[in-house]
Amino acid sequence: MNTSAEGTKSEAARIRRGRRGGRYLCAFMILLMGWGMTGCRSTPQFGHGEPGKSTDVVRLRPGLMISMSVLVAGQKEIEEPSKRVSDGGTIVLPLLGEIEVADMTLDELQGKLTTRYKRYFVRPQIILDYVRDTKEGISPWGFVTVLGRVKEPGRVPIPATRDMTVSGAIQRAGGLAPSARPNAILVSRSMSDGSIESRTVNLHSVGAEGRLEEDIILEANDVVFVPEALF
């Protein structure tokens, strides 16, 4: 009886050890798979960055247009709907005169103006924003260039959402010309190492087949070229 009981206990212990070993093996495999999916993940493909996620800080420079309002106790005391940064990097504001703004962010300028306007108002609230898509000013987020068989070739400003796609840029350039070839649009991008990467986009598949991933998100200084159809 004792021998049988000891054998049963020994067998149970081996089963428990086997189960623990199985759990450890499973945990190791999960960890290994997780490392493989994260540590070996490839970089995002060309044109598939997240819109509006750029880490670049926009700084004021000549040509940019901004709006400025001063609120005191919830009431608007001063409103400047559009102020262009001069070639010398300044803007002219009521009560303050000419202010140096070149190479400043909007947050930095907000702090500077708050201090200055405290001479005239109690607890002033300064509201600043960029004036977008103006013909006179420069887009804070840069431009893409659309060339080839479009109705209005030239530079297209990137919107604040930074989600400009190939089709969106072409629409802003007046749309495709009748002789355009929409299934072979070339997108070129200058890389940080000085090289140029290119990709062909088939807008026909975007519209006809719903392949929205083909309609890639553009970045500042990208060039979109629409070739002529071969009849």
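State whether the residues of region 38-49 include one that is of a type in the set (Val, Ile, Thr), at pLDDT 90 or above and either within 30 Å of Thr165 (Cα to Cα) or surrounded by 15 or more Cβ atoms within 10 Å (Cβ to Cβ) (or both).
Looking through region 38-49, none of the residues is of a type in the set (Val, Ile, Thr), at pLDDT 90 or above and either within 30 Å of Thr165 (Cα to Cα) or surrounded by 15 or more Cβ atoms within 10 Å (Cβ to Cβ) (or both).
Output the residues belonging to region 154-165 that are assigned to a loop (DSSP other than H, G, I, E, B) and either in contact (Cβ under 8 Å) with a residue 60 or more places away in the chain or farther than 9 Å from Val144 by Cβ (or both). Reasoning before the result, please.
Looking only at region 154-165, we keep the residues that are assigned to a loop (DSSP other than H, G, I, E, B), and these are 158-164.
Within region 154-165, Ile158, Pro159, Ala160, Thr161, Arg162, Asp163 qualify.
Is region 161-182 home to any residue that is farther than 28 Å from Asp129 by Cα and out of contact with any Lys or Arg (no Cβ under 8 Å at 6 or more places or on another chain)?
yes
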- Within region 166-186, identify whether any single residue is of a type in the set (Gly, Ala, Ser), without any contact (Cβ under 8 Å) to a residue 40 or more places away in the chain and either in contact with a Phe, Trp or Tyr (Cβ under 8 Å, 6 or more places away or on another chain) or not assigned by TED's automatic domain parsing to the domain that holds Gly148 (or both), and answer yes or no. no
- Message: Yes or no: region 142-150 includes at least one residue that is more than 25 Å from Ser205 (Cα to Cα) and surrounded by 15 or more Cβ atoms within 10 Å (Cβ to Cβ).
- Response: yes
- Message: Suppose we filter region 179-229 for residues that are farther than 22 Å from Lys151 by Cβ, of a type in the set (Ser, Thr, Tyr) and in a loop (DSSP other than H, G, I, E, B); how many remain?
- Response: 2
- Item | Unique match (being in contact (Cβ under 8 Å) with a residue 40 or more places away in the chain, outside any strand (DSSP E or B) and acidic (Asp, Glu)) among Asp107, Asp103, Asp87, Asp129 | Asp103
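Among the residues of region 68-103, which ones are polar (S, T, N, Q), closer than 25 Å to Val122 by Cβ and exposed (fewer than 15 other Cβ atoms within 10 Å of the Cβ)? Walk me through it before giving the result.
Going residue by residue through region 68-103, those that are polar (S, T, N, Q) are 69, 75, 82, 86, 90.
From what is left, the residues that are closer than 25 Å to Val122 by Cβ are 69, 75.
Hit for region 68-103 is Gln75, nothing else.
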- Within region 61-84, the residues that are among the polar types (S, T, N, Q) and in contact (Cβ under 8 Å) with a residue 40 or more places away in the chain are Ser67, Ser69, Ser82
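The values are calculated or read from the model by the stated rules, or taken from the named source; none is laboratory data. None of these values were measured; they are calculated from a predicted model. Neighbour counts run over all protein chains shown; Cβ positions are idealised from the backbone, glycine included.
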